[in-house]
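Okay, structure first, notes after.
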Amino acid sequence: MADNGSILVTGAAGQLGAVGRTVTGLLLDRGLPVRAMVRREDDRAAALRAAGAEVVVGDLFDPADVYRVLNGCRRVYFGMSVSAGYLEATMTMAVVARELGVDALVNMSQMTVSQMSIQDTTQSPQQRQHWLGEQALAWSGLPVVTIRPTVFLEGFFLRFVAPTVRDRGRIEVPFGRGKTSPVAAGDVARVVATVLADPGPHVGRIYELTGPRSQDMQGVAREYSDALNREVTYSDVPLEDWERELRKQGFPEHVNRHLLTMAELHRAGRYDRLADGVERVTGRPAMSVREFVSLHADEFGGRRT
Ligand SMILES: NC(=O)c1ccc[n+]([C@@H]2O[C@H](COP(=O)([O-])OP(=O)(O)OC[C@H]3O[C@@H](n4cnc5c(N)ncnc54)[C@H](OP(=O)(O)O)[C@@H]3O)[C@@H](O)[C@H]2O)c1
């Protein structure tokens, strides 16, 4: 495949998983030119520029912006934060990519889509929009590579539980006895960067990504204990209590409904999955919970010696 211009990375500033930001760094490390799309000029944009990316500002809901930022790029990573207009942004990117022509469009999706059908969707508007978006991209005829990760370690397993692990040594989430195999966003980014560096063999493929182990939350808590060298336990909080706390955080309703659905699906055992996409694409196994918690030990209140 001929190398034509920069690789466009959307959502490059990074908010939760920051897949776009990590992809940008990995591609620059490989010596590839990257056009990093951000929503606004801020410290994160400055850091991307300092790292060597061409930074462009734009709104993924605005077709003219998307045309301007994609023009001149032949490969694109499309991903942005969970938001109510996700399908509209996906379609905008598809329309512009068809107009300009691309060699590869790497589309961020979710592993739950693998279990969805017309008769069996989920209550998450985000998951439904990924399910619809994947189908429309397939109809588009674009050279798409689909990335379907399971739950990221950065959300439920870091941001949401860091305060209770720090203060009470407890992971408090409403996952019941359900098993889960969270994946590090850094591993997801490694897959995306590997695909973008040489998309040819990957076009048309769907990669399901999980961590290396599917286990219940007692098992997850044991990995926290090992990583922090102190006891961390799991407390299965009632879904209603967790929802009340969630709503205090002031997320948009779209995000609340998505997170509540993820919790319900965990309880129902629907996150008990294992896939080898990370190792198959990158040649390196996915990060374990223990490794992830060790890396983020300070956020969990530090490691005991
Ligand atoms: N979290 C999980 O457990 C999980 C699991 C599987 C799949 N996923 C998927 O992963 C994706 C999220 O990836 P991520 O965590 O890497 O994203 P992220 O870090 O949360 O967000 C990436 C960036 O998107 C930007 N953005 C939002 N709306 C935009 C717009 N209208 N125009 C331009 N940029 C916009 C944000 O900019 P600002 O920061 O400036 O607002 C943000 O920096 C979603 O598709 C989600 O469904 C997530």
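The values are calculated or read from the model by the stated rules, or taken from the named source; none is laboratory data. None of these values were measured; they are calculated from a predicted model. All Cβ positions, glycine included, derive from the backbone under ideal geometry; neighbour counts span all protein chains shown. Surface accessibility is based on the protein's heavy atoms, side chains included, excluding ligands, DNA and RNA. Shrake-Rupley method; radii C 1.70, N 1.55, O 1.52, S 1.80 Å.
In the stretch 2-20, which residues are out of contact with any strand residue (DSSP E or B) (no Cβ under 8 Å at 6 or more places or on another chain) and open to solvent by 50 Å² or more (accessible area, probe 1.4 Å)? The answer is A2, D3, N4, Q15. Of P201, P252, all but one fail to be surrounded by fewer than 18 Cβ atoms within 10 Å (Cβ to Cβ) and touching a residue at least 24 places away in the same chain (Cβ under 8 Å); the exception is P252.
Just so you know, in the stretch 231-242 the residues that are open to solvent by 60 Å² or more (accessible area, probe 1.4 Å) and touching a helix residue (DSSP H, G or I) at 6+ places or on another chain (Cβ under 9 Å) include one that is farthest from Q215 (Cα to Cα), and it is E231.
Which of the numbered conditions does M262 fail, given that it passes all the others? Conditions: (1) surrounded by fewer than 18 Cβ atoms within 10 Å (Cβ to Cβ); (2) within 24 Å of T122 (Cβ to Cβ). Here M262 clears every test but (1). Return a yes/no flag: does the stretch 89-98 have any residue that is surrounded by 18 or more Cβ atoms within 10 Å (Cβ to Cβ), more than 29 Å from T150 (Cβ to Cβ) and near the ligand (Cβ under 9 Å from one of its atoms). Taking every residue of the stretch 89-98 in turn, none turns out to be surrounded by 18 or more Cβ atoms within 10 Å (Cβ to Cβ), more than 29 Å from T150 (Cβ to Cβ) and near the ligand (Cβ under 9 Å from one of its atoms). Note on the stretch 32-55: residues that are surrounded by 21 or more Cβ atoms within 10 Å (Cβ to Cβ) and either more than 10 Å from the ligand (Cβ to nearest atom) or touching a residue at least 60 places away in the same chain (Cβ under 8 Å) (or both) amount to 6. Whether any residue in the stretch 67-79 is more than 26 Å from H130 (Cα to Cα) and among the charged types (D, E, K, R) is what I want to check. No - not one qualifying residue is present in the stretch 67-79.
Residues L26, L32: which one is over 21 Å from T92 (Cβ atoms) and not in a helix (DSSP H, G or I)? Exactly one of L26, L32 is over 21 Å from T92 (Cβ atoms) and not in a helix (DSSP H, G or I), namely L32. For beta carbons closer than 6 Å, sequence separation of 6+ or different chains, a first residue in the stretch 229-240 that is under 16 Å from F156 (Cβ atoms) and a second that is open to solvent by less than 40 Å² (accessible area, probe 1.4 Å) and in a loop (DSSP other than H, G, I, E, B), the qualifying pairs are V232/G169; D236/G176; V237/P174; L239/P174. Of the set (1) within 14 Å of the ligand (Cβ to nearest atom); (2) more than 21 Å from the chain's Cα centre (by Cα), all apply to E172 but (1).
Taking the numbered list (1) within 9 Å of the ligand (Cβ to nearest atom); (2) assigned to a strand (DSSP E or B) in turn, V76 passes all entries but (1).
As a summary of the residue check, Y67 satisfies the conditions (1) open to solvent by 40 Å² or more (accessible area, probe 1.4 Å); (2) within 15 Å of the ligand (Cβ to nearest atom); (3) not in a helix (DSSP H, G or I) except for the one numbered (3). Here T112 fulfils each of the conditions (1) away from the ligand (no atom under 12 Å from the Cβ); (2) out of contact with any strand residue (DSSP E or B) (no Cβ under 6 Å at 6 or more places or on another chain) apart from (1).
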